[in-house]
1. For the subset of segment 129-154 comprising residues that are open to solvent by 40 Å² or more (accessible area, probe 1.4 Å) and under 14 Å from Asn212 (Cβ atoms), which member is farthest from the ligand (Cβ to nearest atom)?
2. Give the residue, chosen from Gly179, Gly241, Gly205, that is within 16 Å of the ligand (Cβ to nearest atom), open to solvent by less than 10 Å² (accessible area, probe 1.4 Å) and assigned by TED's automatic domain parsing to the domain that holds Ala140.
3. Those residues that are within 12 Å of the ligand (Cβ to nearest atom) and of a type in the set (Phe, Trp, Tyr), I need them from segment 88-109; list them, please.
4. Look at Lys174 and say whether it is in a loop (DSSP other than H, G, I, E, B) and more than 21 Å from the chain's Cα centre (by Cα).
5. Given the conditions (1) within 16 Å of the ligand (Cβ to nearest atom); (2) of a type outside the set (Asp, Glu); (3) farther than 16 Å from Phe73 by Cα; (4) in contact with a Phe, Trp or Tyr (Cβ under 6 Å, 6 or more places away or on another chain), report the number of the one that Met376 does not fulfil.
6. Across segment 359-369, which residue is nearest to Val248 (Cα to Cα) among those that are part of a helix (DSSP H, G or I), more than 6 Å from the ligand (Cβ to nearest atom) and open to solvent by 30 Å² or more (accessible area, probe 1.4 Å)?
7. Criterion first (aliphatic (A, V, I, L, M), away from the ligand (no atom under 16 Å from the Cβ) and either touching a residue at least 40 places away in the same chain (Cβ under 8 Å) or exposed (fewer than 15 other Cβ atoms within 10 Å of the Cβ) (or both)) does Ile336 satisfy it?
Amino acid sequence: MALDPETRAEFTAQVARFVEARLRPLEAKIAEEDGIPEDVIGEMKALGLYGLTIPEEYGGLGCGMEDEVSVGFELGRCSPAFRSAFGTNVGIGSQGLVMFGTPEQKAKYLPGIASGEIVTSFALTEPEAGSDSASVRSSAAWDGQAWVLKGAKRYITNANKAHLFTVMARTNEKKGGGGVSAFLVPRDLAGVSVGKPEKKMGQQGAHICDVNFDDVRLAPNLMLGAEGEGFKVAMQVLDRGRLHIASVCVGVAERLIADCVAYAGERKQFGQPLASFQMIQAQLADSRTEAYAARCMVLDAARRRDAGENVTMLASCAKLFASEMVGRVADRAVQIFGGAGYTADHGIERFYRDVRIFRIYEGTSEIQRLVIAREMMKGAPV
Ligand code: COS
């Protein structure tokens with residue numbers, strides 16, 4: 001499942017034009033209003049962005065990992081809140097279903113996900129289970145007819161718009177990660193409730209909420225994968241999600257570097273453009289070098305995944321490096337813009353806040369290091 005190189009190039013060029021002409025002019029507005037206008041959402045659907053990674057047979061574009069990260073590089077060149085609108089449909093909200101769903105489950109939900117009619121969310125994190133995701137307390141007990149789901153999930157991206165959740169819940173109290181199962185949970189079932197969007201540091205326009213399950217009755221055909229496989233479903237979904245996030249980090253970094261080069265060329269101090277000062281040049285060069293390294297890492301891991309390799313370690317390497325890299329690039333951008341970077345005029349301070357979450361969600365930098373080291377100890381090539 002992947003696009004041919006020519007189609008990929010055409011599609012990414014189309015996305016690049018959409019980002020430049022349609023999304024970038026709206027960056028300040030969506031941050032101010034904390035929402036993306038419906039007409040823009042409609043255009044994203046029409047472009048196929050909601051169905052990027054859904055197989056073609058279900059109405060999606062059928063992108064492979066290299067295709068997905070190539071699009072991620074382009075989408076990163078505007079406020080990351082835009083990508084978040086469909087990010088869960090493309091990634092963590094749908095990929096469990098794509099990878100582990102039965103033909104019936106796929107036929108029922110994937111066409112709506114591909115068109116954007118069904119918005120999906122991934123509900124793993126809980127108040128007491130963040131990085132330690134194998135310790136989820138939400139539970140689903142079999143009552144002879146249905147699984148009865150109860151528990152609370154936290155910081156769930158797009159929950160306020162979601163029609164379908166992938167929920168990880170404990171079906172066996174005695175086993176750790178092996179006692180967790182995954183379920184598809186339609187939002188309209190009795191007992192599902194969603195809290196108000198959290199106020200947060202950045203990415204206004206993208207939303208995260210609490211989700212509560214209060215004795216929600218789930219028919220047996222809503223289990224995703226086998227009983228006890230939910231933790232592995234989550235981990236495999238995250239392997240892919242982490243590469244997607246890493247590609248967006250690269251795109252944001254490249255955007256900020258381009259903004260810095262333009263500003264450093266215009267802004268004069270001591271009678272000369274900032275760009276003529278070696279201390280500014282050094283910052284630009286460091287940012288460019290690091291962004292290039294991250295791009296190479298993301299592309300290499302994506303291509304290996306498309307070739308069928310296990311990329312658990314490389315996806316974590318890419319996510320760790322790219323998310324930390326974009327933090328450094330954003331920090332240098334504020335420094336190069338100076339007072340104009342700290343005020344809202346150029347949007348630099350907004351990006352500085354927006355990128356901070358990349359080091360936290362879909363696995364913190366600390367968790368990425370842990371995953372990398374564990375894979376090395378297991379004998380992954382070094
Ligand atoms: N693919 C397939 N299986 C995987 C896997 C992967 N990427 N990672 C782990 N597993 C399997 C392991 O092989 C193990 O299977 P067995 O029990 O059959 O041996 C099982 O899952 C448990 O793995 P492990 O022992 O490594 O679990 P731990 O609880 O010690 O650690 C970490 C798991 C910490 C790596 C995991 O909880 C994690 O990634 N946490 C961060 C979660 C996260 O990203 N949260 C963000 C919210 S989603 S936006």
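The values are calculated or read from the model by the stated rules, or taken from the named source; none is laboratory data. Nothing here was measured: the structure is a model prediction, and the numbers come from that model. Here the Cβ positions follow ideal geometry from the backbone for every residue, glycine too, while neighbour counts run over all protein chains shown. Quick note on the areas: whole protein, heavy atoms, side chains included, nothing else; ligands and nucleic acids left out. Shrake-Rupley method; radii C 1.70, N 1.55, O 1.52, S 1.80 Å.
1. Per the criteria, the residue is Lys150.
2. After ruling out the rest, the residue left standing is Gly179.
3. The answer is Phe100, and nothing else.
4. yes
5. Tallying (1) within 16 Å of the ligand (Cβ to nearest atom); (2) of a type outside the set (Asp, Glu); (3) farther than 16 Å from Phe73 by Cα; (4) in contact with a Phe, Trp or Tyr (Cβ under 6 Å, 6 or more places away or on another chain), Met376 fails exactly one: (4).
6. Arg359
7. Taking the combined requirement at face value, the residue satisfies it.
Here is a yes/no grid of residues against (1) within 17 Å of the chain's Cα centre (by Cα); (2) closer than 18 Å to Met235 by Cβ; (3) part of a helix (DSSP H, G or I); (4) not assigned by TED's automatic domain parsing to the domain that holds Glu366:
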{"site": "Ile92", "(1), (2), (3), (4)": "yes, yes, no, yes"}
{"site": "Lys108", "(1), (2), (3), (4)": "no, no, yes, yes"}
{"site": "Arg137", "(1), (2), (3), (4)": "no, no, no, yes"}
{"site": "Ala159", "(1), (2), (3), (4)": "yes, no, no, yes"}
{"site": "Met168", "(1), (2), (3), (4)": "no, yes, no, yes"}
